[in-house]
Every structure is written in C-alpha cells, then in structure tokens.
Amino acid sequence: MASVEEDRSAESKGSSFESWGRYPVYNAALKPLHWQDELPGALQSAPGAALAVGLGRSYGDVCLLDGGTLLPTTAMNRLLAFDQATGLLTAESGLSLAQILDFAVPRGWFLPVSPGTKYVTLGGAIANDIHGKNHEAAASFGNHVPAFELVRSDGSRRICSPTENPDLYAATIGGMGLTGVITWAQLRLKPIVSRLIDYEGIQFHGIDEFLAIKKQYAHVEYTVAWLDCVSTGRNFARGVFMLGDHSKQPGELKPSRKPRLAFPIDAPGFLLNKLSISAFNTLFFHKQLKPHVVTRQDYEPFFYPLDAVAHWNRMYGKRGLVQFQFALPWETSQEGTIAMLKEITKSGLASFLAVLKTFGDVPSLGMMSFPLPGFMFALDFPVKPGVTFPLMQRLGDMTREYGGRLYSAKDACMTPAQFQAFYPQWQSFARYKDPAITSSFWERVTGEGRR
Ligand SMILES: Cc1cc2nc3c(=O)[nH]c(=O)nc-3n(C[C@H](O)[C@H](O)[C@H](O)COP(=O)(O)OP(=O)(O)OC[C@H]3O[C@@H](n4cnc5c(N)ncnc54)[C@H](O)[C@@H]3O)c2cc1C
C-alpha cells in the first residue's frame, strides 16, 4: 500500500536513513523487511546490532543506529483485518497512518490519536507512544492498541496485550523499538460522519489567557496553541489557540488528495535568521485577521498542516534542526514555560514552530511513555554549531529543575544525567530490551555498548 511520497524503503537502496531533524547523520546497513517470516532471521544475522525503523519521522537518533543494521518496515504494510461494526483494525506495523486514513475515512472511521504528521507507521506510533491534540480525552496512542505481536531475536513470537505478556506489552509501548520488532498490531478506530472539523481559532496574549481559554473550552476534544517565541514586551507569549471537534453533521467521506508541494532543495543557512523568523511569526499571528474565528475546515489542514509541503525539513539546510519538547507537571507548568520562553527569546535562536498544549491525567500504558499531566511545549531550532547545543543543554537542565521530562522521539541532545533523571525507571525497562537490538539514542543516554 505504499505511495512514492512516503515510502522510505525506496531510500533503503542507498546507505543512509535520515531522521526528520537530519541531525545527527549516521551510516547504517539497510535491510528492508517485506514479510513477517523474515524475522527473527533479520535480527539474528545482523552483525553487531539491529533496529526496526518506520518512516524516520522521529527527529533525533531514536531511529538511528550508527554502524549497525536498520530494518525499515514500510514494505511490510498489509492490512490484515477490519471489523466495520467495531472499528477494530489489524495491520502490519509498516502501514502508515496516512494509509490507514485512506482506508478508514471513506468507511466512517478515524484515528483515535493523530500526531502532527500522518506519515508515521503503526509500529513507530506504538514504539514512541505518540500523542495528539486530544490527550485529555483520549490519552496516548498505546491506549488504543489492544494487542500486537513482538518478535525477539531468540526466535520467540509473543502476543502482547494487557492480559498476555503484560510486562512486555507495557515495555514495548513507548519502548523506542528496543524490546523486539512489532510485526502486526490492532488499533481501535473511532467513528466519524464527516471529514470536517468544527474549528475555532482564538488569539491570546500570555499564558494566563491561554489557560483561561483552555478552561472555557474544556469540552472541546482537540486543542493546541501556536506560540510566538520571538516577540517580547506586550507581545511576549502571544499566540493562536486552535480548537476543534469532528463535525456531527453528516458530510463527504472521500479519501484525501496527495500533497502537491515539496521543498525542492536544502535552503542556504542565511535564509533562516531572526528577521525572517520574526516576520513569519507576525504573519502567522495576523493570518487570522479577527481575534476569534469560527468555521468548518477539512481534517487535513487541521491535523496535518505541515504535511502540505513535503520535505519541509529541508528548509533548515544541510545542518538540519533539533527539537526541544518538554512535558511539565501542572505545579510548575506556567512558571517553567515562562522561564524557558525568556531563555529562548534571550538566546536569539528563534524558532518557527512553537506548540503549546496540555496533557490530561489518563495514564499512558507504556513504561517509558512521555506524557505527564500538565503543559507540553515543543519548538524547533536550526543546528548552529556553538549556539544551539549550549541552549539545548540549559533548557534540558531547566526542564529537570521544574520536574518535567523531554520526549525521546524528538531528542538529539539529552545528556545521560538528564535522561536518567527524566526516566528513573530506565533500568527496570532495560530488563526487557532485546540483546540484539539497540539505537544510537540508547547508547548515547545510557552509555551501554554493543554486544
Ligand atoms: C511534522 C511532525 C510532527 C509530529 N508530531 C507529533 C505529535 O504531535 N505527537 C507525537 O507524539 N509525535 C509527533 N511526531 C513524531 C512522530 O510521531 C514519532 O517520532 C513517530 O514515532 C515516528 O514514526 P515513524 O514511523 O516515522 O518511526 P521512526 O521515526 O522510523 O522510528 C521511531 C521509533 O519506532 C521504532 N519502530 C519503528 N517501527 C517499529 C516496529 N515495527 N517494531 C518496533 N519498533 C519500531 C524505531 O526503532 C524507533 O525507535 C511528529 C513528527 C513530525 C516530523
């Protein structure tokens, strides 16, 4: 079911596999998986170590393995079963969320949790236990995965669910691909009657106003805010709060069109500077001319606005980008976010994409899952030697001081001390790690060497 647009297995003919941030760059042998029965052989025959990967939409090194063997799964992407009455879908792990939507939307079903891009595989979504704009209503992705199969390098094939191999189930959800290869999984979809979203966009100035809107619209399923992290003074922490619910008025359920625009080349470094980013932020703020807009829009621009331009990461040039993404508990959410925003504006290393949302209190099922109740904040920085990494280090330390954690799926900079403070359960998790599998991320943050 792969489309040229998203199939990274085409790239597997070469010797490189990039993560979305294009930093760091590592070489690994590529051995694409096509059939489930290629496992466990592919794991056992990989010299050194192996790692299953999806569409490489993680930003840092969680989907990289320097000098090892990557097993891209996008050609192992068959839909295995679908129950139209309950919305329970069973598919191979390389199927992408885009492909699931193409199949499910015309039948009146939708993803229970959607990240900011639909070019993510089912296996990748489970392995990072991804979250969407509806965390308070739906928790994270793993909460909608009742079962999956995990193949380990010892040759065992384990069905994992809350009742069967429950420990491996919990370790694999958010387990960053380290516990084995997920061959297939079940996903509980949710019913819809239209492609449309009842949308409201509300401008705000400052975190107090953000929280007031959040409270007033607590009944709305999807909420997310764009935040200007360049402006200071009166415009400090201004933004646009975006809210949406699936429309209850029956409408068209046709599949989506493929994206037509692509960022053609690596942009030269000078294109991204404080002035251009500041102008972009001001334009975005005023794109919504009125302070409060109420409308209906298609789900594509609501959920996946960035997918409209394929390869937009090239805009950051050859050096790439890093993302800083934290979750802070409610007690420190407001104070910590303001302190870090000030640190970011002070650094002058402005970012286009600053996203602020909230996580609810339904616990994730994964042992290493990222969400915790409170604020979630994410922003991208261009890689500028000597500037970006010291800032990331300071922001990581501040996240630790405020009792929060960083998201491994987006990380390229966490120090071992930071990771081990954010995820104190990491050593218990390590007991479930497959000895033939590792990642550059895991080696970086734990110092663990190869077998
Ligand atoms: C524009 C953009 C917006 C995003 N928005 C969000 C968001 O809103 N919320 C969010 O949570 N994330 C978001 N992400 C991150 C993305 O959802 C995750 O990084 C996701 O895990 C990527 O999936 P992938 O298929 O590309 O997997 P990869 O990035 O290739 O791999 C991710 C992890 O999954 C493991 N893995 C992949 N397949 C398997 C398998 N079959 N078995 C075992 N392990 C496997 C890999 O080893 C790796 O550890 C966003 C990314 C981008 C580029």
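The values are calculated or read from the model by the stated rules, or taken from the named source; none is laboratory data. Because the structure is a prediction, the values reported are computed rather than measured. Glycine also receives a Cβ, built like all others from the backbone with ideal geometry; neighbour counts cover every protein chain displayed. Remember, those area values only see protein heavy atoms, side chains included, never the ligands or the DNA or RNA. Shrake-Rupley method; radii C 1.70, N 1.55, O 1.52, S 1.80 Å.
Here is the figure for the range 423-443: residues that are of a type outside the set (A, V, I, L, M) and in contact with a helix residue (DSSP H, G or I) (Cβ under 7 Å, 6 or more places away or on another chain) total 4.
Checking each residue in the range 415-441 for being near the ligand (Cβ under 10 Å from one of its atoms) and hydrophobic (A, V, I, L, M, F, W, C) picks out 437, 441. Going by the structure shown, is residue 376 crowded, with 21+ Cβ neighbours inside 10 Å, within 15 Å of the ligand (Cβ to nearest atom) and in a loop (DSSP other than H, G, I, E, B)? No: the conditions fail for residue 376. Among the numbered conditions (1) without any contact (Cβ under 8 Å) to a residue 60 or more places away in the chain; (2) touching a Ser or Thr at 6+ places or on another chain (Cβ under 8 Å); (3) more than 21 Å from residue 143 (Cβ to Cβ); (4) of a type outside the set (Asp, Glu), the only one that residue 97 does not meet is (3). For residue 137, the conditions (1) out of contact with any strand residue (DSSP E or B) (no Cβ under 7 Å at 6 or more places or on another chain); (2) more than 13 Å from the ligand (Cβ to nearest atom); (3) more than 30 Å from residue 217 (Cβ to Cβ) are fulfilled apart from (3).
Just so you know, in the range 206-223 the residues that are outside any helix (DSSP H, G or I) and touching a Ser or Thr at 6+ places or on another chain (Cβ under 9 Å) include one that is surrounded by the fewest Cβ atoms within 10 Å (Cβ to Cβ), and it is 217.
Within the range 192-200, does at least one residue satisfy the condition of being within 21 Å of residue 364 (Cβ to Cβ), open to solvent by less than 10 Å² (accessible area, probe 1.4 Å) and among the β-branched types (Val, Ile, Thr)? No, every residue in the range 192-200 fails to be within 21 Å of residue 364 (Cβ to Cβ), open to solvent by less than 10 Å² (accessible area, probe 1.4 Å) and among the β-branched types (Val, Ile, Thr).
With respect to the conditions (1) open to solvent by 10 Å² or more (accessible area, probe 1.4 Å); (2) closer than 19 Å to residue 435 by Cα; (3) not hydrophobic (A, V, I, L, M, F, W, C), residue 179 lacks only one, and its number is (1). Residues considered: 189, 243. Of these, the only one that is out of contact with any Leu (no Cβ under 8 Å at 6 or more places or on another chain) and modelled with pLDDT of 95 or more is 243. Within the range 415-451, being within 25 Å of residue 397 (Cα to Cα) and among the basic types (Lys, Arg) holds for one residue alone: 444. Restricting the range 379-414 to residues that are of a type in the set (Gly, Ala, Ser) and within 13 Å of the ligand (Cβ to nearest atom), the residue that is farthest from the chain's Cα centre (by Cα) is 412.
In the range 89-119, the residue that is most open to solvent (accessible area, probe 1.4 Å) out of those that are in contact with a Gly (Cβ under 6 Å, 6 or more places away or on another chain) and more than 6 Å from the ligand (Cβ to nearest atom) is 109. Of the residues 184, 226, the single one that is within 16 Å of the ligand (Cβ to nearest atom) and modelled with pLDDT under 95 is 226.
Yes/no matrix, rows are residues, columns are (1) at pLDDT 95 or above; (2) out of contact with any Asp or Glu (no Cβ under 7 Å at 6 or more places or on another chain); (3) of a type in the set (D, E, K, R); (4) under 30 Å from residue 24 (Cβ atoms):
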{"residue": "259", "(1), (2), (3), (4)": "no, no, no, yes"}
{"residue": "263", "(1), (2), (3), (4)": "no, yes, no, yes"}
{"residue": "267", "(1), (2), (3), (4)": "no, yes, no, yes"}
{"residue": "284", "(1), (2), (3), (4)": "no, yes, no, yes"}
{"residue": "303", "(1), (2), (3), (4)": "yes, yes, no, yes"}
{"residue": "307", "(1), (2), (3), (4)": "no, yes, yes, yes"}
{"residue": "314", "(1), (2), (3), (4)": "no, no, yes, yes"}
{"residue": "337", "(1), (2), (3), (4)": "yes, yes, no, yes"}
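Taking the criterion of being in contact (Cβ under 8 Å) with a residue 24 or more places away in the chain and over 22 Å from the mean Cα position of the chain (by Cα), the residues of the range 345-366 that qualify are 345, 347, 348, 349. Among the candidates 441, 389, the residue that is under 25 Å from residue 126 (Cβ atoms), part of a helix (DSSP H, G or I) and of a type outside the set (D, E, K, R) is uniquely 441. Taking first residues from the range 120-134 that are within 9 Å of residue 93 (Cα to Cα) and more than 6 Å from the ligand (Cβ to nearest atom) and partners that are assigned to a loop (DSSP other than H, G, I, E, B) and of a type in the set (Gly, Ala, Ser), the Cβ contacts under 6 Å between residues at least 6 apart in sequence or on separate chains come to 122/93. Selection of the range 320-347 for residues being closer than 20 Å to residue 226 by Cβ and not in a helix (DSSP H, G or I) yields 321, 322, 323, 324, 325, 326, 327, 328.
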